[in-house]
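The values are calculated or read from the model by the stated rules, or taken from the named source; none is laboratory data. Please read all numbers here as calculations on a predicted model, not as lab measurements. Cβ atoms come from the backbone with ideal geometry, glycine included; neighbour counts cover every protein chain shown. Surface accessibility is based on the protein's heavy atoms, side chains included, excluding ligands, DNA and RNA. Shrake-Rupley method; radii C 1.70, N 1.55, O 1.52, S 1.80 Å.
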Amino acid sequence: MSRSNSMAELSRIESYQYPAAHVGHLSSSQDQALQKFKHLCEQRGYYTPPGVDGRDRPSHDDEELLRYLRARKFNPQDAYVQFKDTEDWRKENQLDKLYDTIDIAEYEQTRRLYPQWTGRRDRRGIPVYVFEVGGLNTKALNAYESATKSSTSSTKAPTKMLRLFALYENLCRFVMPLCTAIPDRPHVETPVSQSNNIVDISHVGLKQFWNLKQHMQDASTLATAHYPETLDRIFIIGAPSFFPTVWGWIKRWFDPITVSKIFILSSGNMKSTLEQYIEPQNIPKKYGGQLDFQFGDLPILEPAIERTLTWLHPQTQKAQKTFPTGPIVWKENGDGEMVAVAVGSDHGKQRATEVASLKANHYPTARQHLAADSGRARAALFRTTSGYATHPTTPIDEEELRPPSDDELPDRKAAASATSQTGTYDIPYRDFTSPSQAPPTGGTSSTRYMQQEQTH
């Protein structure tokens, strides 16, 4: 396929490089869309502003609402439809109650099948997650399926999906607020609302990829529908020699915006690229960094995070204090401090353990963010970028997505040869924390597409 034909198959999509289109970095039209969106939600009973019903804070902060606006290209009506669907879905499935009462053992079993927070952040203060796909073999997935089928639930959603909801709730209700509270970030006026993921696909066979289709689609579909714009980027590392050959059908499992956030790194550029986005001490050793983190570990908190905490009842791991497994929420005590409380149930007994406190001056409230936003100079405003979807928008033929037969599996030598010819592309690094390095209006430009074409 010629490069011109490849470009013709692409559809233009909106994308936003952090911190563009986030709190403190809105254009006038984006701010107007936010106000219209809030008014629409308030009119229909899905949003309560401060000062109403005795509230000193809004029912939903601006950054949460902006996630839906970014996902819907700042169309207030479209954002309202998705937001309403999510709020109705949360109420129907009693998500708040689920998160507070989920069995800790079930939570931990689920945590080991999905990305895990390392306890570290990237250079912008966004939490870094790691996911090792190799352990997700048929045996592990079947055991998990059997365990969830035997569970009972009063909600309409499948049990395995309810457990996955709890992991997203942990990201939104615990990890992102904690990272927001750390004062060493380049954009302290902007709450953290996304995560970065290092996905290790080494030692994953071709048929294993296919067997993981539903598992990965479930997580992507859930995030797209009810946790929009919580993903900043995915770094795929350890790609086997046949990966460029099968990437064409794997990428079709995900929506175009998710695909546009995926970057495939070769062994030659893995370390240098990760270090452009993440400090070496926050990169696991097996990926060229200095962090002694193994998949399955509890978070190994970086010093900047520990300095903001006063430990009450911590978990100990490798002689270091950390947060325990299971759901954790932030609650305000009578002294004006935010306290991390471990919830969930342990052998049927409700847990409510205060793990650590975070001093009030380290915990930015929604009101403080709004105040910072109103006084933010527009000179440093980042521009919204746009890009191209990285796969055709034409309907997908289901026959094309059936599992490959043994006869159709690509020849390993040929795949290896193809990889050696095309290689993987380097990510052009820009320091998005500097206004002078703001992303260009073109976003995913034709130049960048040419770099990606062989792997996409």
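Key figures
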read-out: Residue selected from segment 73-98 under the condition at pLDDT below 95 and in contact with a helix residue (DSSP H, G or I) (Cβ under 8 Å, 6 or more places away or on another chain), by the criterion farthest from Glu42 (Cα to Cα); value: Leu98
read-out: Looking only at segment 224-241, and only at residues there that are of a type in the set (Val, Ile, Thr) and out of contact with any Cys (no Cβ under 8 Å at 6 or more places or on another chain), the one that is farthest from Arg173 (Cα to Cα); value: Ile237
read-out: Residue, modelled with the lowest pLDDT, within segment 99-114, restricted to residues that are among the hydroxyl-bearing types (Ser, Thr, Tyr) and surrounded by 19 or more Cβ atoms within 10 Å (Cβ to Cβ); value: Thr110
read-out: Some residue of segment 28-40 being open to solvent by 20 Å² or more (accessible area, probe 1.4 Å) and in contact (Cβ under 8 Å) with a residue 60 or more places away in the chain; value: no
read-out: Residue match in segment 115-128 (condition: exposed (fewer than 15 other Cβ atoms within 10 Å of the Cβ) and touching a residue at least 12 places away in the same chain (Cβ under 8 Å)); value: no
read-out: Positions within segment 306-329 being in a loop (DSSP other than H, G, I, E, B), modelled with pLDDT of 95 or more and over 25 Å from the mean Cα position of the chain (by Cα), in sequence order; value: Leu312, His313, Pro314
read-out: Pair list, Cβ < 8 Å and 6+ apart or interchain, from segment 351-365 residues that are more than 17 Å from Glu306 (Cα to Cα) to residues that are open to solvent by 50 Å² or more (accessible area, probe 1.4 Å) and at pLDDT 95 or above; value: Thr353/His313
read-out: Subset of segment 287-300 that is assigned to a loop (DSSP other than H, G, I, E, B) and closer than 15 Å to Thr322 by Cβ - its residue that is nearest to the chain's Cα centre (by Cα); value: Pro299
read-out: Checking Pro58 against (1) outside any loop (DSSP other than H, G, I, E, B); (2) at pLDDT below 95; (3) not basic (Lys, Arg), the condition it does not meet; value: (1)
read-out: Count of residues meeting criterion [hydrophobic (A, V, I, L, M, F, W, C), at pLDDT below 90 and outside any loop (DSSP other than H, G, I, E, B)] in segment 7-50; value: 3
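Here is a yes/no grid of residues against (1) buried (at least 19 other Cβ atoms within 10 Å of the Cβ); (2) modelled with pLDDT of 50 or more; (3) within 24 Å of the chain's Cα centre (by Cα); (4) outside any strand (DSSP E or B):
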residue	(1), (2), (3), (4)
Lys331	no, yes, yes, no
Gly336	no, yes, no, yes
Ala340	yes, yes, yes, no
Val355	yes, yes, no, no
Ala372	no, no, no, yes
Phe382	yes, no, yes, yes
